[in-house]
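These notes concern the structure reproduced below.
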Amino acid sequence: MAVATQNTIAPSLRGTKKDPSKRKHLPQSAGSPFGDFPSDWVQSKKPLKVKLPQQESLLSQSKVYQSKGSGNGGNCSSLNKGKVQETPKPPVSGAFKRRVIPPTEFRRFYDRGDLPIAIQHKGNGNKIDWKVDIEKLDYHHYLPIFFDGLREKEEPYRFLSVQGSFDLLEKGGSKILPTIPQLIIPIKTALNTRDPDIICTMLKVLQQLVVSGELVGEALVPYYRQILPVFNLFKSKNSNTGDEIDYTQRKRCNLGDLIEETLQVSGSFF
């Protein structure tokens, strides 16, 4: 307890938590909870040492923390040479990578019911049931729509667009030639998807387009720059089977052979 002097007045602790009369244990001691230590056991307090400026600068330098990996702690002292890090390889250009297939107008028109076609299911295969005579159709409107649907990969849009394009080219005759400028954008968009299945389908339709009417090959000459770059990119995509037999030849899915066939059918026009 604090001892009151003549100049100070000790506060009254009666009735508070620190009231000495309410304590159940021994009075608190500075040396031990069980009482003060003997006088010969008490150690005298050491005088404070005054730090010199040089000592303070050394202490401040020793407290500077180093960043991770800059110290020597835990480092190996082996004389063996470390593993040489390999230089990263140059990134792949992605010339043959498939592109995102943009949505087609054919799907929008078919879902809206604007196309006069329906699927006719038969035992020997499906066919298109035309609601209107093909000769009476406006080729400037319908042929670009069917060509735009050639990049579809989901049924029944794929079957309807492919079979519909072949039917229109088969019975178009002289109506096909004026529509050539409108067909270039759908052809270019389908080829630029870099999808082998879509390119194969477009090549087969191109072969039919060239032989469908007179002067169609000559009409494609101004658009070489938009068609031939993809041909040049995939012309070496042949399946090397060695001495084996390729039983999928009847499906005509070999991209390199299809490009060669298209160039031969076109003759001197390409």
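The values are calculated or read from the model by the stated rules, or taken from the named source; none is laboratory data. Quick caveat, the model's predicted, so the values are computed rather than measured. Virtual Cβ from ideal backbone geometry, glycine too; neighbours counted across all protein chains shown. What goes into the accessible areas is simple: the full protein's heavy atoms, side chains included, and nothing from ligands, DNA or RNA. Shrake-Rupley method; radii C 1.70, N 1.55, O 1.52, S 1.80 Å.
Residues checked against (1) out of contact with any Phe, Trp or Tyr (no Cβ under 8 Å at 6 or more places or on another chain); (2) modelled with pLDDT of 85 or more; (3) of a type in the set (Asp, Glu):
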site	(1), (2), (3)
MET202	yes, yes, no
VAL205	no, yes, no
TYR224	no, no, no
GLU260	yes, yes, yes
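Looking at ILE185, ILE180, ILE176, which one is closer than 30 Å to LYS127 by Cβ, of a type in the set (Val, Ile, Thr) and within 32 Å of the chain's Cα centre (by Cα)?
On the way: ILE180 fails: within 32 Å of the chain's Cα centre (by Cα); ILE176 fails: within 32 Å of the chain's Cα centre (by Cα).
Criteria check complete, one pass: ILE185.
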Which of the residues belonging to the stretch 119-139 are hydrophobic (A, V, I, L, M, F, W, C) and over 16 Å from SER165 (Cβ atoms)? VAL132
Please find, within the stretch 137-174, the residue that is surrounded by the most Cβ atoms within 10 Å (Cβ to Cβ) out of those that are assigned to a helix (DSSP H, G or I) and in contact with a strand residue (DSSP E or B) (Cβ under 7 Å, 6 or more places away or on another chain). GLY164
Within the stretch 211-270, take every residue that is more than 24 Å from LYS171 (Cα to Cα), over 34 Å from the mean Cα position of the chain (by Cα) and aromatic (Phe, Trp, Tyr) and give me the one that is least open to solvent (accessible area, probe 1.4 Å). PHE270
Return the pair list, or none, for Cβ contacts closer than 6 Å from residues in the stretch 183-205 that are open to solvent by less than 50 Å² (accessible area, probe 1.4 Å) to residues that are hydroxyl-bearing (Ser, Thr, Tyr) and modelled with pLDDT under 90, at least 6 apart or on different chains. ILE184/TYR223; LEU203/THR262
Take GLU260 and tell me if it is over 27 Å from GLY94 (Cβ atoms) and free of Cβ contacts under 8 Å to residues at least 40 places away in the same chain. no
Counting only residues that are in contact with a helix residue (DSSP H, G or I) (Cβ under 6 Å, 6 or more places away or on another chain) and not β-branched (Val, Ile, Thr), the stretch 178-194 contains a total of 6
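Of all residues being among the aliphatic types (A, V, I, L, M) and over 23 Å from PRO156 (Cβ atoms) in the stretch 76-125, which is least open to solvent (accessible area, probe 1.4 Å)? Just the residue, please.
Of the residues in the stretch 76-125, the ones among the aliphatic types (A, V, I, L, M) are 79, 84, 92, 95, 100-101, 115, 117-119.
Add one more test, that the residue is over 23 Å from PRO156 (Cβ atoms), and what stays is 79, 84, 92, 95.
Details: LEU79: 167, VAL84: 119, VAL92: 135, ALA95: 32 Å².
Top of the filtered list is ALA95.
I'm trying to understand the selection: among the residues of the stretch 126-136, which are touching a Pro at 6+ places or on another chain (Cβ under 7 Å) and open to solvent by 80 Å² or more (accessible area, probe 1.4 Å)?
Step one: of the stretch 126-136, the residues touching a Pro at 6+ places or on another chain (Cβ under 7 Å) are 130-132.
LYS131, the sole residue that qualifies.
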Given the structure, is THR193 within 20 Å of ILE145 (Cβ to Cβ) and within 28 Å of the chain's Cα centre (by Cα)? yes
